[in-house]
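Worksheet: the structure to be examined is printed underneath.
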Amino acid sequence: MSLESLERVRNEIERFPAVHQQQVHALLCEGKADVQETTQGALVNLGAVSEELLAKIVKYAEYVKKQEANMAEDEQTKDELRESYFGTTAEQT
């Protein structure tokens, strides 16, 4: 994987909420990656992680992004229905 791709993966993981970062950590541990625990989190040399494990992490990141997009779309639909049927917005309830 190229350096730019690794940086993109790292940036995505860093922006994840804690629950998703914990899942990535579990994937790394499951894949026997060298994870250094610190008081501020975990450090991983992504360059030393196998391509197979990186592919799993990328797939998980895509899943998270898709899930978040679906949730945002559902919230928008819910707000539209609330406005249409009840004449109120989420802020008014």
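Rounded to the nearest Hz, the phi-derived 3J(HN,Hα) couplings of the range 19-36 under the Karplus curve 6.51 cos²θ - 1.76 cosθ + 1.60 (θ = phi - 60°) are 4, 6, 5, 5, 5, 5, 4, 4, 4, 5, 5, 4, x, 6, 6, 7, 10, 9, where x marks glycine and proline. Ordered by 1.4 Å accessible area with all protein chains kept, Tyr85, Tyr60 run largest first as Tyr85, Tyr60.
Remark on Val49: its backbone amide H falls under 5 Å from none of the residues 5 or more positions apart or on other chains, H modelled at 1.01 Å from N.
Over all directions, the average projected area of the alpha-carbon convex hull for the chain comes to how many nm²? Quarter of the Cα hull surface area: 7.9 nm².
Angle of helix 51-86 to the longest C-alpha principal axis of the chain, folded into 0 to 90 degrees and rounded to 10: 10°.
So what's the back-of-envelope 222 nm ellipticity for the chain, counting only DSSP H runs of four-plus at -39500 (n - 2.57) apiece and dividing by all residues, rounded to 500?
-23000 deg cm²/dmol
In this label model, Leu3 and Gln21 are separated by 2.5 nm, measuring between points 7 Å along each Cα→Cβ vector. Computed over protein heavy atoms with a 1.4 Å probe, the carbon and sulfur contribution to the accessible area of the chain reaches 51%.
Within the straight-line cut-off of under 19 Å between alpha carbons, the aspartates and glutamates reachable from Lys78 are Glu68, Glu91, sequence neighbours fewer than 8 places apart in one chain being disregarded.
The values are calculated or read from the model by the stated rules, or taken from the named source; none is laboratory data. All of these numbers come straight from a predicted model, not from anything done at the bench. Neighbour counts run over all protein chains shown; Cβ positions are idealised from the backbone, glycine included. Accessible surface is based on the protein model in full, side chains and every heavy atom, while ligands, DNA and RNA are left aside. Shrake-Rupley method; radii C 1.70, N 1.55, O 1.52, S 1.80 Å.
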